[in-house]
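What follows is calculated from the coordinates using simple rules that are stated; it is not laboratory data. None of the values given here were measured: they were computed from a predicted structure. Here the Cβ positions follow ideal geometry from the backbone for every residue, glycine too, while neighbour counts run over all protein chains shown.
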Amino acid sequence: MKIVIVDDESVNLMLLEVIVRQEGYDPRVFDNPFAALEYLRENEADLLMTDFNMPGLDGIGLLEKAKELQPKIKSIMITGNEEESVREQAFAKGVNDFLIKPYSQTEVKLRVKNIHILRIEERSREALKEREHEALRILSRTAEYKDPETGSHIARVAHYSKMLARLCGLDEEEQELIFYAAPLHDIGKVGIEDAVLLKPGKLDEGEFERMKAHSDVGYEILADAQNPYLAAGAVIARSHHEKYNGTGYPYGLKGEEIPLYGRIVAIADVFDALTSVRPYKKAWSFEEAMALIIREKGEHFDPVLVDLFVGSEAEIREIFVRFGAE
């Protein structure tokens, strides 16, 4: 664990350094909070141990600036002030623990050990989540196996969907959920025969009916999952071809009967399909695709989401360029 210790009093700084080194750590020590900040601009740290009262920049101010640089950094505030108001102020700013002067070596060691355990647990959770996300990315590419044009499409749909989730007020957790679930919207295409899926022309009525089955196929693939990303993917797979006016498929849901995630991905999916080359069509221009989204406001698409989407043209263009066709 990488530790930074800051105290303007040299005796206290030396004492803390000695105690921490006894536990096998190699801390970086500073008697000036601004020097510590400069170090943190260039170097990652797990724990910031800082005195509360320091000239120029107190411990809370230092922690605020440190968190701007490294949001995951943990902190122990060191102070001789036992007033509850000081603790409340510090905890409100994200302080993880306190050391009240005078402190014992044992207390310092225990506080540092607790933070170390916390960081280990956080890293384990982060590693688990990354493995989960990797599995979702692999699953999302299942449709790409049969339809190689889908690779860039699923990336753009994910980003358009996350953008809309943010704009309509969903919290960061739900934004992440839809970001990883949206690419599963066409997972059911694995159940569609190649003659239909890869036909280089317009589908006839019977072929289109078979293609429409991918919504329910995708739902059935994902429906029993306990994982929240897969559960959200099941909802999206089944509902992203529904239309706001009730003329969509597979169930003809109307308005807010359609799950919000499905309404979001419907816009992202159609916009990207229009601006992409398909076996049966050329890519539409950005302006042509946006004009269709506007025309279908309240018909195919949720009117509130259309307004949010159209009002974010610069961000849409950035995603469009960044994740261009492969």
Handout entry: Identity of the residue in the stretch 62-76, touching a Lys or Arg at 6+ places or on another chain (Cβ under 9 Å), surrounded by fewer than 16 Cβ atoms within 10 Å (Cβ to Cβ) and of a type outside the set (Lys, Arg), that ends up farthest from residue 9 (Cα to Cα)
Key = 69
Practice task
Specify the residue that is surrounded by the most Cβ atoms within 10 Å (Cβ to Cβ); the eligible residues are those in the stretch 164-173 that are in a helix (DSSP H, G or I) and out of contact with any helix residue (DSSP H, G or I) (no Cβ under 6 Å at 6 or more places or on another chain).
Solution key: 172
Problem - Residue in the stretch 31-45 that is surrounded by the most Cβ atoms within 10 Å (Cβ to Cβ), counting only those that are touching a residue at least 24 places away in the same chain (Cβ under 8 Å) and of a type in the set (D, E, K, R) - result: 31
Handout entry: helices (runs of 4 or more DSSP H) lying entirely in the stretch 185-271 (those with 3 or more residues that are aromatic (Phe, Trp, Tyr) and in contact with a helix residue (DSSP H, G or I) (Cβ under 7 Å, 6 or more places away or on another chain))
Key = none
Problem - Matching residues, the stretch 252-285, being under 26 Å from the mean Cα position of the chain (by Cα) and aromatic (Phe, Trp, Tyr) - result: 261, 271
Problem - Pair list, Cβ < 7 Å and 6+ apart or interchain, from the stretch 208-228 residues that are without any contact (Cβ under 8 Å) to a residue 24 or more places away in the chain to residues that are in a loop (DSSP other than H, G, I, E, B) - result: 210/192; 211/192; 211/203
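Here's the yes/no breakdown for (1) surrounded by 16 or more Cβ atoms within 10 Å (Cβ to Cβ); (2) within 14 Å of the chain's Cα centre (by Cα); (3) among the hydroxyl-bearing types (Ser, Thr, Tyr):
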| position | (1), (2), (3) |
| --- | --- |
| 109 | no, no, no |
| 114 | no, no, no |
| 134 | no, yes, no |
| 162 | yes, yes, no |
| 195 | no, no, no |
| 216 | yes, no, no |
